[in-house]
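Asker: What follows is a structure written as structure tokens; I'll ask about it next.
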Amino acid sequence: ELFSPSQKYQLLVYHADSLFHDKEYRNAVSKYTMALQQKKALSKTSKVRPSTGNAASTPQSQCLPSEIEVKYKMAECYTMLKQDKDAIAILDGIPSRQRTPKINMMLANLYKKAGQERSSVTSYKEVLRQCPLALDAILGLLSLSVKGAEVASMTMNVIQSIPNLDWLSVWIKAYAFVHTGDNTRAINTICSLEKKSLLRDNVDLLGSLADLYFRAGDNKNSILKFEQAQMLDPYLIKGMDVYGYLLAREGRLEDVENLGCRLFNISDQHAEPWVVSGCHSFYSKRYSRALYLGAKAIQLNSNSVQALLLKGAALRNMGRVQEAIIHFREAIRLAPCRLDCYEGLIECYLASNSIREAMVMANNVYKTLGANAQTLTLLATVCLEDPVTQEKAKTLLDKALTQRPDYIKAVVKKAELLSREQKYEDGIALLRNALANQSDCVLHRILGDFLVAVNEYQEAMDQYSIALSLDPNDQKSLEGMQKMEKEESPTDATQEEDVDDMEGSGEEGDLEGSDSEAAQWADQEQWFGMQ
């Protein structure tokens, strides 16, 4: 009662701000609403009773918190509560002329998330009209299929008026290629940018380059660029989920574990640390734990494609294929140019013997993303599942290997086909050729299998050893080596089998123990962001 109406308004806003910073979002919304009601009453009284000319009242009224800023804070609360419709409604209530760039930016992102593309494009363009150098708005427009030339024209005046900005038009061109799925031209354009002195060792560009190499299936260069980026910025989080996934696929689980710990020390409020730890669990065959960690990552960032893929893969390996399909479809919606999203969905279809659906999806990917080594191999993978389309698979794989002789997935599938046809010598030649310029655990293991088939036991043993040195957790290489050792010393076979049984049961016990330990988390449905 001691405060004036304007002071009451100020106190309500300060109280709401404090609640917002304490993450009490519902309470904050309540206080912001009360503040707006107080401001409305204040406006009415000021109209009825004009200012008396009191010198103290003028500065006080001038420093009152902005009503538009209060509405923006309310929208922030609603987004934190995942009530996007309410956030859009509160921002839509602000007249267009009074909307600041950050309000238009939030509206654009919310419209995009809600699938209202036209409204999103309009809001992004409004941001660029006010702030022509807003790079996030540029990326937003490109992601909504607005032509690169149109976006560049909106920044042309500022590029010409400010010195040393000539790189921006090339940057827009590069990301236009990224969002149309033209990975090769995007890589070449970003590489040309990186050579310029102004953008040399730019962490953001290196991260984009690493992601593009990953999309193009060039894992070696992707890892190299991610390592370069994190050397320049030890606190880098963006993209580290993909980096962790690549390390896990290569069997470098100790490096994955170290990366996860380092990221958690930086921040546990981002999806990336949880995804990296989830990859470690997944490739350690602790699928329930991976499922929980993936769900936690989705809770922190529902747009994390890598988290959706992790959770989807864990569900698939646990036999919950229909739930996995939902996650892979959501990943495709968020990243329509990423082939690994389609690969996950197709694997689910094949696991449930839905070969027709898998074939339709593979053909769609082939048509939309173009005939490159990756899409050709994906289509061939589905063709291999049907005896009628074996010859088509062979043709597709030959085309893929003509384009990229070093593409590991194509080599693996071609080797699988040659194994079925018992053309072991051709398979050995193919694998030796692929291993001439790279070293890969799976290729060395398959070469070992082929050498066993032609009775080259000593060299087969060498190949299994190389495979295990690259990935000590590769079970198939271990099994191949143990099988050969038994064949070499049949007198000790029975004794070795007993030892193997004891060792195997111990290992399985550990894994099962890990899964049961994590299952309590997996059963808590509130962690699962996508049901």
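The values are calculated or read from the model by the stated rules, or taken from the named source; none is laboratory data. Here the structure is a predicted model, which is why all the values come from computation and not from measurement. When we count neighbours, we look across all protein chains shown, and the Cβ atoms used for this are built from the backbone with ideal geometry, even at glycine. Accessible surface is based on the protein model in full, side chains and every heavy atom, while ligands, DNA and RNA are left aside. Shrake-Rupley method; radii C 1.70, N 1.55, O 1.52, S 1.80 Å.
Asker: Out of curiosity, is Ala314 at pLDDT 95 or above and either open to solvent by 40 Å² or more (accessible area, probe 1.4 Å) or of a type in the set (A, V, I, L, M) (or both)? Walk me through how you get there before you give the answer.
Answerer: Details: at pLDDT 95 or above: yes; either open to solvent by 40 Å² or more (accessible area, probe 1.4 Å) or of a type in the set (A, V, I, L, M) (or both): yes.
Spelling it out, Ala314 is indeed at pLDDT 95 or above and either open to solvent by 40 Å² or more (accessible area, probe 1.4 Å) or of a type in the set (A, V, I, L, M) (or both).
Asker: Restricting the range 469-480 to residues that are surrounded by fewer than 20 Cβ atoms within 10 Å (Cβ to Cβ) and part of a helix (DSSP H, G or I), which is modelled with the highest pLDDT?
Answerer: The extreme case among them is Ser469.
Asker: Also, I was wondering about something else. Tell me, please, whether a residue that is aliphatic (A, V, I, L, M) and under 24 Å from Glu343 (Cα atoms) can be found in the range 447-464. Give the steps one after another, and end with the answer.
Answerer: Filtering the range 447-464 for residues aliphatic (A, V, I, L, M) gives 447, 451-454, 460-461.
Checking the rest, the ones that are also under 24 Å from Glu343 (Cα atoms) come to none.
Within the range 447-464 (the criterion being aliphatic (A, V, I, L, M) and under 24 Å from Glu343 (Cα atoms)), the answer is no, since none of the residues qualifies.
Asker: Residues in the range 430-457 that are over 17 Å from Gly480 (Cα atoms) and open to solvent by 60 Å² or more (accessible area, probe 1.4 Å): how many?
Answerer: Number of matching residues: 5.
Asker: State the number of residues belonging to the range 337-364 that are without any contact (Cβ under 8 Å) to a residue 60 or more places away in the chain and more than 21 Å from Arg316 (Cα to Cα).
Answerer: 2
Asker: Scan the range 307-321 for residues that are under 10 Å from Leu345 (Cα atoms) and not aliphatic (A, V, I, L, M) and jot them down.
Answerer: Our first condition is that a residue be under 10 Å from Leu345 (Cα atoms); within the range 307-321, this holds for 309, 312-313, 316, 321.
Scanning the range 307-321 gives Gly312, Arg316.
Asker: If you don't mind, there's one more thing I want to ask. For the range 362-401, give me the residue count where each residue is open to solvent by 40 Å² or more (accessible area, probe 1.4 Å) and over 21 Å from Gly181 (Cα atoms).
Answerer: Qualifying residue count, the range 362-401: 10.
Asker: Still on this structure: When you check Ser465 against the structure, is it within 23 Å of Asp218 (Cβ to Cβ), in contact with a helix residue (DSSP H, G or I) (Cβ under 8 Å, 6 or more places away or on another chain), open to solvent by 50 Å² or more (accessible area, probe 1.4 Å) and not aliphatic (A, V, I, L, M), yes or no? Spell out how you get there, then give the answer.
Answerer: On the way: within 23 Å of Asp218 (Cβ to Cβ): no; in contact with a helix residue (DSSP H, G or I) (Cβ under 8 Å, 6 or more places away or on another chain): yes; open to solvent by 50 Å² or more (accessible area, probe 1.4 Å): yes; not aliphatic (A, V, I, L, M): yes.
Against the criterion (within 23 Å of Asp218 (Cβ to Cβ), in contact with a helix residue (DSSP H, G or I) (Cβ under 8 Å, 6 or more places away or on another chain), open to solvent by 50 Å² or more (accessible area, probe 1.4 Å) and not aliphatic (A, V, I, L, M)), Ser465 does not qualify.
Asker: Moving on. For the range 249-291, give me the residue count where each residue is over 20 Å from Phe226 (Cβ atoms), open to solvent by 20 Å² or more (accessible area, probe 1.4 Å) and assigned to a helix (DSSP H, G or I).
Answerer: Qualifying residue count for the region: 2.
Asker: Let me ask something else about it. Every residue in the range 1-39 that is open to solvent by 100 Å² or more (accessible area, probe 1.4 Å) and in a helix (DSSP H, G or I), please.
Answerer: Restricting attention to the range 1-39, the residues satisfying the condition of being open to solvent by 100 Å² or more (accessible area, probe 1.4 Å) are 1-3, 14, 21-23, 26, 37.
Scanning the range 1-39 gives Tyr14, His21, Arg26, Gln37.
Asker: Here's a check for you: in the range 147-164, which residue that is part of a loop (DSSP other than H, G, I, E, B) and open to solvent by 20 Å² or more (accessible area, probe 1.4 Å) is nearest to Thr100 (Cα to Cα)? Outline the logic, then answer.
Answerer: Residues of the range 147-164 part of a loop (DSSP other than H, G, I, E, B): 147, 154-155, 162-164.
So of that shortlist, the ones also open to solvent by 20 Å² or more (accessible area, probe 1.4 Å) come out as 147, 154, 162-164.
Working: Lys147: 25, Met154: 18, Ile162: 23, Pro163: 27, Asn164: 28 Å.
Only one residue tops the list, namely Met154.
Asker: Looking at (1) modelled with pLDDT of 95 or more; (2) open to solvent by less than 40 Å² (accessible area, probe 1.4 Å), can you tell me which one Leu42 breaks?
Answerer: The one condition Leu42 does not meet is (1).
Asker: Let me ask something else about it. Looking only at the range 80-106, which residues are among the polar types (S, T, N, Q), surrounded by 16 or more Cβ atoms within 10 Å (Cβ to Cβ) and more than 22 Å from Leu135 (Cβ to Cβ)?
Answerer: Answer for the range 80-106, where residues must be among the polar types (S, T, N, Q), surrounded by 16 or more Cβ atoms within 10 Å (Cβ to Cβ) and more than 22 Å from Leu135 (Cβ to Cβ): just Gln83.
Asker: Follow-up question, since we're still on this one. Exactly one condition in (1) over 22 Å from Arg26 (Cβ atoms); (2) of a type outside the set (Asp, Glu); (3) out of contact with any Gly (no Cβ under 9 Å at 6 or more places or on another chain); (4) in contact (Cβ under 8 Å) with a residue 24 or more places away in the chain is not met by Cys77; state its number.
Answerer: Of (1) over 22 Å from Arg26 (Cβ atoms); (2) of a type outside the set (Asp, Glu); (3) out of contact with any Gly (no Cβ under 9 Å at 6 or more places or on another chain); (4) in contact (Cβ under 8 Å) with a residue 24 or more places away in the chain, only one is false for Cys77: (1).
Asker: Could you pull out the residue among Arg356, Arg329 that is among the basic types (Lys, Arg), under 26 Å from Lys113 (Cβ atoms) and either surrounded by fewer than 20 Cβ atoms within 10 Å (Cβ to Cβ) or in contact with an Asp or Glu (Cβ under 7 Å, 6 or more places away or on another chain) (or both)?
Answerer: Details: Arg356 fails: under 26 Å from Lys113 (Cβ atoms).
Of Arg356, Arg329, the one residue that is among the basic types (Lys, Arg), under 26 Å from Lys113 (Cβ atoms) and either surrounded by fewer than 20 Cβ atoms within 10 Å (Cβ to Cβ) or in contact with an Asp or Glu (Cβ under 7 Å, 6 or more places away or on another chain) (or both) is Arg329.
Asker: Within 25 Å of His444 (Cβ to Cβ) and aromatic (Phe, Trp, Tyr): is that true of Phe264 in this structure? If you could, list the steps in order and put the result at the bottom.
Answerer: Working: within 25 Å of His444 (Cβ to Cβ): no; aromatic (Phe, Trp, Tyr): yes.
Judged against the criteria, Phe264 is not a match.
Each row is one residue, and each column tells you yes or no for (1) among the hydrophobic types (A, V, I, L, M, F, W, C); (2) farther than 30 Å from Ala410 by Cβ; (3) free of Cβ contacts under 8 Å to residues at least 12 places away in the same chain.
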site: Leu198; (1), (2), (3): yes, yes, no
site: Gly207; (1), (2), (3): no, no, no
site: Arg215; (1), (2), (3): no, no, no
site: Ile237; (1), (2), (3): yes, yes, no
site: Asp241; (1), (2), (3): no, no, no
site: Ala248; (1), (2), (3): yes, no, no
site: His270; (1), (2), (3): no, yes, no
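Asker: Continuing with this model, one more query. Answer yes if at least one residue in the range 407-419 is surrounded by fewer than 17 Cβ atoms within 10 Å (Cβ to Cβ), more than 29 Å from the chain's Cα centre (by Cα), in a helix (DSSP H, G or I) and of a type in the set (S, T, N, Q), and no otherwise.
Answerer: Within the range 407-419, one or more residues are surrounded by fewer than 17 Cβ atoms within 10 Å (Cβ to Cβ), more than 29 Å from the chain's Cα centre (by Cα), in a helix (DSSP H, G or I) and of a type in the set (S, T, N, Q).
For (1) in contact with a strand residue (DSSP E or B) (Cβ under 7 Å, 6 or more places away or on another chain); (2) part of a helix (DSSP H, G or I); (3) at pLDDT below 85, each residue gets a yes or a no:
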| residue | (1), (2), (3) |
| --- | --- |
| Ala429 | no, yes, no |
| Gln438 | no, no, yes |
| Met461 | no, yes, no |
| Ile466 | no, yes, no |
| Gln482 | no, yes, yes |
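This table checks each residue for (1) within 26 Å of Leu141 (Cβ to Cβ); (2) part of a helix (DSSP H, G or I); (3) among the charged types (D, E, K, R); (4) open to solvent by 80 Å² or more (accessible area, probe 1.4 Å).
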{"residue": "Leu193", "(1), (2), (3), (4)": "yes, yes, no, no"}
{"residue": "Asp211", "(1), (2), (3), (4)": "yes, yes, yes, no"}
{"residue": "Gln230", "(1), (2), (3), (4)": "no, yes, no, no"}
{"residue": "Val242", "(1), (2), (3), (4)": "yes, yes, no, no"}
{"residue": "Leu247", "(1), (2), (3), (4)": "no, yes, no, no"}
